[in-house]
1. Looking at segment B:93-116, can you tell me whether even one residue there is within 14 Å of chain A (Cβ to nearest Cβ) and either of a type in the set (S, T, N, Q) or assigned to a helix (DSSP H, G or I) (or both)?
2. Being surrounded by fewer than 18 Cβ atoms within 10 Å (Cβ to Cβ), modelled with pLDDT of 95 or more, facing chain A (nearest Cβ under 10 Å) and part of a helix (DSSP H, G or I): is that true of residue B:235 here?
3. Can you give me the number of residues within segment B:63-92 that are assigned to a helix (DSSP H, G or I) and over 15 Å from the mean Cα position of the chain (by Cα)?
4. If we scan segment B:149-166, do we find a residue that is in a helix (DSSP H, G or I) and in contact with a Phe, Trp or Tyr (Cβ under 6 Å, 6 or more places away or on another chain)?
5. Please indicate, with yes or no, whether at least one residue in segment B:200-208 is within 30 Å of residue B:89 (Cα to Cα) and within 11 Å of chain A (Cβ to nearest Cβ).
6. If I filter segment B:191-198 for residues that are at pLDDT 95 or above and over 25 Å from the mean Cα position of the chain (by Cα), do I get at least one hit?
7. Can you tell me which condition residue B:169 does not meet? The list is (1) farther than 30 Å from residue B:85 by Cβ; (2) surrounded by fewer than 23 Cβ atoms within 10 Å (Cβ to Cβ); (3) without any contact (Cβ under 8 Å) to a residue 60 or more places away in the chain, and all the others hold.
8. Tell me yes or no: at least one residue of segment B:180-189 is more than 7 Å from chain A (Cβ to nearest Cβ) and farther than 27 Å from residue B:219 by Cβ.
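The values are calculated or read from the model by the stated rules, or taken from the named source; none is laboratory data. In this text the structure is predicted, and so the values were computed from the model without any measurement. All Cβ positions, glycine included, derive from the backbone under ideal geometry; neighbour counts span all protein chains shown.
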Amino acid sequence: MRKMIGIALLTGLIAVGCRPVGLPTLTEPPDVTTTTTANTTTTTSASTPSSSSQPSSRGGATSPAENAPPEVEIDLSGLDDLLAELEGVLADVDGAMTEGESQ
Amino acid sequence: MSTRIATRIVAVATVSALLIALPGTAFAQTEPVESTATETDRASSFDQLKRRALAAIDIRLDAIARWTELIETNEQLTPDHQARLLAELSAASRGLAALAAEIQAAKTYSELGGMVPKIVEDYWVFALLGPKVHLVIAADVMTHITGRFDEMAAAIQEAVDRVEEAGFDAEAAQVALDRMRAHLAAASTLIEPVPGAVLGLQPIDMPEAGEQLRVAHADLKSAAEELRAARQAGREAVEAIKDAIGG
């Protein structure tokens, strides 16, 4: 009986002693979200880090070495459409002003 | 004041020239002719002057009809601006139609002489109404465009924030984005006062009001430059985000 208790205690001690201390917890992968706002699509998702990316060490930020960099895709074609509309309106104003000057 | 006097002198001179030039063929004859022929010529010239005056009114009524349609179909005009412009165009249209009826009924050069200057001076259709309509439409369209640019700036800001949260350096992107927002703010500052500055201008304010129209026009052109610069800064922000994450 004493032998059995001794073996059990020894086993427990060995198990506790061998537990890795300070093992970092696995980080969550970056959020994958898509936001669409007025012709603008912003997508962030996991991708392979590139050699040109230089992670910052801002306070509280998860280390980029553990977090894959987000992939960002923003469609700015809407801006060009709006500027084309703007040029049309400005041309109308120019025409009206010229017509007015000649009255 | 001197400008107004000068304008009136020009208007009177124009009318006088019309009155003298049109029946000129009759007055210029040195040889005596039969009185019936002279009267016929004078009547013809009188009718010609009347037709020219009515044609001048028609041109203005056509322009007003075009602008009315432009205002009614524009989706960016504010309801208040739309209502005010339509009311002014409607009033000008009614006034010109009534003037056309008076000119049509005129029997003498003297009557016509009092009516013809009103075609211009009572309405300033092309010098005031047209520019006013187009400036207000442009200002409202540009306000709408600036709002859309703001939405895009917010979307870029969201991307910048996510990149930073992931631990990457998005400072260059933030700097470009801040520049985009500064250009948008400058555009808004230029656009915002334009409708208020021109909507209140009336024919009685002419021709001095022409300078205010030119200032408003210049402000909108400057605002357009700011919007173009905002587009460029937005592109740079997106490129900076891609550089930061190696995309």
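1. No, there is no match, as no residue in segment B:93-116 is within 14 Å of chain A (Cβ to nearest Cβ) and either of a type in the set (S, T, N, Q) or assigned to a helix (DSSP H, G or I) (or both).
2. Working: surrounded by fewer than 18 Cβ atoms within 10 Å (Cβ to Cβ): yes; modelled with pLDDT of 95 or more: no; facing chain A (nearest Cβ under 10 Å): yes; part of a helix (DSSP H, G or I): yes.
No.
3. Step one: of segment B:63-92, the residues assigned to a helix (DSSP H, G or I) are B:63-73, B:79-92.
Then drop every residue that is not over 15 Å from the mean Cα position of the chain (by Cα), which leaves B:72-73, B:79-80, B:83, B:87, B:90-91.
Result for segment B:63-92: 8.
4. Checked segment B:149-166: no residue is in a helix (DSSP H, G or I) and in contact with a Phe, Trp or Tyr (Cβ under 6 Å, 6 or more places away or on another chain).
5. Step one: list which residues in segment B:200-208 are within 30 Å of residue B:89 (Cα to Cα), which gives B:200-208.
Imposing the further condition that a residue be within 11 Å of chain A (Cβ to nearest Cβ) reduces the set to B:206-207.
Yes: segment B:200-208 contains one or more residues that are within 30 Å of residue B:89 (Cα to Cα) and within 11 Å of chain A (Cβ to nearest Cβ).
6. no
7. Result: residue B:169 passes all but (3).
8. To start, the set of residues in segment B:180-189 that are more than 7 Å from chain A (Cβ to nearest Cβ) comprises B:180-189.
Applying the additional criterion that residues be farther than 27 Å from residue B:219 by Cβ yields none.
No, segment B:180-189 has no match at all.
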